Amino acid sequence: MSTVVVIGAQWGDEGKGKVTDFLAEKADMVVRYMGGNNAGHTVVVEDREFKMHLIPSGILYPDKMCIIGSGVVIDPAVLLKELESLEKQGISTANLRISQRAHVIFPYHQKLDQVEEERKGNNKIGTTCRGIGPAYTDKSARVGIRVIDLLDAEEFPALLEANIKSKNQILTEVYNGKSLDYGEVLNNFKGYAEALRKYVCDTSILVNDAVQQGQNIVFEGAQGTLLDLDHGTYPYVTSSHPTAAAACLGAGIGPTRIGRVIGVAKAYTTRVGEGPFPTELNDDTGALIRKQGGEYGTTTGRPRRCGWYDGVVGRYAVRINGLDYLAITKLDVLSGLETVRICTGYNYRGEVINEFPASLKVLNECVPVYEDFPGWSEDITKARKLEDLPVQARRYLDRISEISGAPIALIGVGSRRAQTILTADLYN
Ligand code: GDP
Ligand code: IMO
Ligand code: MG
């Protein structure tokens with residue numbers, strides 16, 4: 001397997017956690033390399049369900065090294081809670097390592113996320129309000145505080161004081177809000193620093209050493225291609241890079257070290273938050289998919305918007321990420337539908353567009369062109385090989401692969417680890 005990057009090929013929540021967990025069985029190391037606790041990755045192992053926000057899904061195996069890389073923004077309170085919850089469930093967290101260079105989310109980031117969303121009113125992005133955007137903004141503005149700074153008892157108080165001063169000015173004078181208490185934040189974060197110190201190191205060295213030794217590494221992406229700051233439906237995106245190239249930056253390795261890239265997509269499409277979604281179904285079928293798929297956010301509990309598989313998005317994800325393979329999840333959710341549809345292009349003012357447009361104005365006018373397929377009524381949750389699937393389901397998958405332009409390596413027929421059909425040898 002060597003190094004495999006797992007990314008979201010749609011708008012997030014494609015099942016990256018499950019696919020990472022499945023691949024992790026034969027891996028030595030799992031690396032989260034970007035995003036923060038806006039992510040919610042669900043992994044179901046037998047009867048137990050785990051919801052990860054920051055910790056790599058590999059932690060559920062006792063022997064995998066798990067890395068939180070420099071590209072991740074870390075809310076220490078959330079991370080500590082996640083660690084505690086895993087330990088309580090008997091999962092050892094001794095193999096976790098956190099990058100010294102990762103940036104830290106502070107309470108002013110969450111406050112700013114909230115007030116900025118409120119000010120946008122009808123134009124709000126629908127963020128998770130976890131402070132992700134403001135934390136990445138500070139990183140780019142070169143005023144952020146990194147984990148290494150948080151651990152430095154001499155430097156940290158002054159860095160925090162300067163930040164709280166300027167953020168309080170914005171919160172009170174621009175937004176008429178309340179200011180944050182420096183002493184209280186300082187005390188809390190000094191405590192977090194001590195609790196996290198034992199996990200912190202230069203994780204780039206660990207990852208590069210593992211690559212050098214030929215170990216198997218899974219890079220667990222967060223969010224999805226269409227939420228990418230450069231390539232997504234801007235400004236309705238997150239503030240980092242869910243696309244495959246970010247695995248190098250966020251883990252501290254070079255592009256020559258990446259072996260394969262797998263894009264995870266649902267057999268249909270969902271989106272949570274605002275922004276364009278051409279194949280969205282605002283009807284009974286959309287509601288049925290939401291119900292059958294349990295489409296409610298892992299992080300915020302918000303109902304996810306649901307629609308048909310979008311081949312234009314699929315093709316775009318293959319191009320932007322250089323996908324070797326697709327992993328198609330939640331095929332079981334479509335069982336029982338009389339007809340299933342795939343969008344093959346967009347009709348824009350009478351012309352068919354095959355490539356995902358940059359302009360939201362154009363995108364909002366796009367009407368999907370669909371190909372219809374007969375559905376299947378069988379329960380497919382016990383299928384373990386391609387031949388176990390009804391012929392209609394196989395035809396549907398073949399067409400998804402053809403239209404998107406990448407072979408399918410893995411098919412999800414249920415949320416459990418075992419409910420997976422592997423259709424390509426990902427391990428050599
Ligand atoms: P992620 O953010 O990409 O890791 O995805 P989420 O965990 O937010 O959402 C995916 C949801 O679908 C989770 O509840 C998973 O347990 C579930 N899931 C993943 N793969 C499958 C599948 O093949 N079938 C079904 N029915 N559920 C799945
Ligand atoms: P996983 O890793 C789905 C969405 C939010 C919002 C936009 C910006 O579980 O797939 P942010 O808080 O990042 O500033 O919000 O991005 N979003 C996600 N949607 N899955 C995610 O993560 C997401 N992370 C952020 O809903 O529309
Ligand atoms: Mg999720």
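The antiparallel fraction among DSSP beta bridges confined to the chain stands at about 40%.
The HN-Hα couplings worked out from phi for the stretch 404-421 by the Karplus form 6.51 cos²θ - 1.76 cosθ + 1.60 (θ = phi - 60°) are 7, x, 8, x, 9, 9, 7, 10, x, 10, x, 7, 6, 3, 6, 7, 9, 10 Hz, whole numbers, x standing for Gly and Pro. Using a Gaussian network model of the chain in which every pair of alpha carbons under 10 angstrom is joined by a spring, one finds that among D284, D138, D152 the greatest mean-square fluctuation is at D284.
Near V313, once Lys and Arg are set to +1 and Asp and Glu to -1 for all other residues with Cβ below 13 Å from its Cβ, the sum equals -1. Note on E118 and E155: their simple-model spin labels are 3.5 nm apart, each label 7 Å out from Cα toward Cβ. For the chain, the carbon plus sulfur part of the accessible surface works out to 48%, probe radius 1.4 Å.
For the chain, the solvent-accessible area with a 1.4 angstrom probe is 42 square angstrom per residue.
Pairs spanning more than 24 Å between alpha-carbon atoms, out of K88/K385; K51/K330; K18/K385; K111/K139; K139/K266: K88/K385; K139/K266.
The GluC sites (Glu not before Pro) of the stretch 279-357 meeting both criteria, a DSSP state outside H, G, I, E and B (loop) and at most 14 other C-beta atoms within 10 angstrom of the site's C-beta, are E338, E355. A simple charge model with +1 on the Cβ of Lys and Arg, -1 on the Cβ of Asp and Glu and nothing else charged puts the dipole of the chain at about 100 debye relative to its Cα centre.
The values are calculated or read from the model by the stated rules, or taken from the named source; none is laboratory data. Nothing here was measured: the structure is a model prediction, and the numbers come from that model. Counting neighbours? That spans all protein chains shown, and the Cβs are built from the backbone with ideal geometry, glycine included. Accessible surface is based on the protein model in full, side chains and every heavy atom, while ligands, DNA and RNA are left aside. Shrake-Rupley method; radii C 1.70, N 1.55, O 1.52, S 1.80 Å.
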